[in-house]
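Here the structure comes first, spelled out in structure tokens, and everything after it is commentary.
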Amino acid sequence: MTVTVEAPDLRIVTDGLRFPEGPVCLPDGSVALVEIEARRITRVAADGTKSTIATVTGAPNGLALGPNGMLYVCNNGGFSWHEEPGLLRPGHQAADYSGGRIERIDPATGAVETLIRAVDGRPLRGPNDLMFDAHGGFWFSDLGKVRARDRDHGGAYYAKADGSGAVEAAFPIFGGANGIGISPDGRTVYVAETETGRLWAWDVEAPGKLKKEPWPSSNGGRVICQFPGYRRLDSIAIAASGNIIVATLVAGEITTVSPAGEILRVVRMPERMPTNICFGGPDMRTAYITLSTSGKLAAMQWDEPGFRLPHG
């Protein structure tokens with residue numbers, strides 16, 4: 001039975017953000033996030049005060065805390081934008097699109113270093129999300145890029161923390177590989193496919209190597225949950241229990257899915273595009289949620305603790 005929370009007790013930490021995504025809880029209690037349209041990485045203090053960590057070209061998207069306190073960024077290369085009062089949303093590939101890449105940022109200096117631009121000689125198109133594993137590397141997704149009449153396929157990838165050894169782990173993910181996450185035991189990788197509303201899973205055989213299901217699976221994964229109606233999927237967070245928590249677009253929800261694929265809990269958000277969720281606080285039960293079209297970072301008490309990430 002699905003539990004639905006219609007009016008959660010949300011606290012707005014800060015507003016005035018330019019399409020925020022990728023929240024990361026930092027050791028000092030602040031939250032780092034990206035402002036995709038503004039092309040910057042921003043630190044939000046507990047009192048809501050904002051400061052700039054770094055600015056980048058292209059467009060920062062996913063964000064993760066890695067070894068030695070460094071921030072890792074999925075740079076999608078740039079979007080075009082549509083804005084009207086109270087609503088900012090991304091569109092197609094930007095006219096000044098600069099190519100997808102994985103970047104590493106020193107939060108102390110704001111210095112930006114490019115780690116990966118291509119895998120197996122194929123350029124990255126629109127890296128979107130990433131998560132470190134217990135082996136010192138990270139899984140990351142590539143959403144692809146959308147143009148007026150065509151789009152690139154998405155995929156899932158793996159690399160070591162220094163950017164070496166990058167491999168393509170699953171391809172194609174036709175509707176765009178968005179959120180990516182790893183089960184607490186490290187045995188399963190999950191990817192949210194944006195346009196189809198599908199949540200995929202693969203068994204992990206080794207870092208960067210996924211067990212593949214036979215045809216007719218298009219990418220060797222198995223669909224564990226097909227979201228109902230018109231729902232597009234964005235980022236993933238993982239609970240300590242192993243549940244998968246998916247930012248669900250259009251419907252404006254945060255959805256908890258069991259590893260078996262059952263939708264357990266739906267929390268309604270005050271806008272249609274809640275894009276990301278992360279966990280922090282001493283008990284890992286404070287959920288930080290980016291409300292992207294309205295430019296807000298919200299916080300609420302969650303019903304279960306989040307998984308404590310390797311470098312969190």
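The values are calculated or read from the model by the stated rules, or taken from the named source; none is laboratory data. Just so you know, these numbers come straight off a predicted model, no measurement behind them. Using ideal geometry, Cβ is built from the backbone for each residue, glycine included, and neighbour counts are taken over all protein chains shown. Accessible surface areas use protein heavy atoms only, side chains included; no ligands, DNA or RNA. Shrake-Rupley method; radii C 1.70, N 1.55, O 1.52, S 1.80 Å.
Among the residues of region 1-29, write down those that are farther than 25 Å from Leu264 by Cα and surrounded by fewer than 17 Cβ atoms within 10 Å (Cβ to Cβ).
Once the filter is applied, which keeps residues that are farther than 25 Å from Leu264 by Cα and surrounded by fewer than 17 Cβ atoms within 10 Å (Cβ to Cβ), region 1-29 yields Ile12, Asp15, Gly16, Pro27, Asp28, Gly29.
Go through (1) open to solvent by 40 Å² or more (accessible area, probe 1.4 Å); (2) touching a Cys at 6+ places or on another chain (Cβ under 8 Å) for Ile102 and report which single condition fails.
Of (1) open to solvent by 40 Å² or more (accessible area, probe 1.4 Å); (2) touching a Cys at 6+ places or on another chain (Cβ under 8 Å), only one is false for Ile102: (1).
Of the residues Leu309, Leu264, which is of a type in the set (A, V, I, L, M, F, W, C), open to solvent by 10 Å² or more (accessible area, probe 1.4 Å) and outside any strand (DSSP E or B)?
Leu309
So in region 182-233, with the set limited to residues that are in contact with a Gly (Cβ under 6 Å, 6 or more places away or on another chain) and among the charged types (D, E, K, R), which one is most open to solvent (accessible area, probe 1.4 Å)?
Step by step, filter region 182-233, then rank; the result is Lys212.
Can you say whether Gly58 is of a type outside the set (Lys, Arg), open to solvent by 10 Å² or more (accessible area, probe 1.4 Å), modelled with pLDDT of 95 or more and assigned to a loop (DSSP other than H, G, I, E, B), as far as the supplied structure shows?
Answer is no for this residue.
Hey, any hits in region 78-87 for a residue that's among the charged types (D, E, K, R), more than 22 Å from Ile180 (Cβ to Cβ) and open to solvent by 50 Å² or more (accessible area, probe 1.4 Å)?
Yes, because at least one residue in region 78-87 is among the charged types (D, E, K, R), more than 22 Å from Ile180 (Cβ to Cβ) and open to solvent by 50 Å² or more (accessible area, probe 1.4 Å).
Identify all residues within region 36-62 that are more than 18 Å from Asp129 (Cα to Cα), in contact with a Lys or Arg (Cβ under 6 Å, 6 or more places away or on another chain) and either in contact (Cβ under 8 Å) with a residue 60 or more places away in the chain or among the charged types (D, E, K, R) (or both); write none if there are none.
Val44
Would you check if Gly66 is open to solvent by less than 10 Å² (accessible area, probe 1.4 Å), touching a strand residue (DSSP E or B) at 6+ places or on another chain (Cβ under 8 Å), over 26 Å from Thr248 (Cβ atoms) and in contact (Cβ under 8 Å) with a residue 60 or more places away in the chain?
When the stated conditions are applied, Gly66 passes them.
Taking the options Thr275, Thr293, Thr255, name whichever one is of a type in the set (Val, Ile, Thr), within 18 Å of the chain's Cα centre (by Cα) and assigned to a loop (DSSP other than H, G, I, E, B).
Thr293
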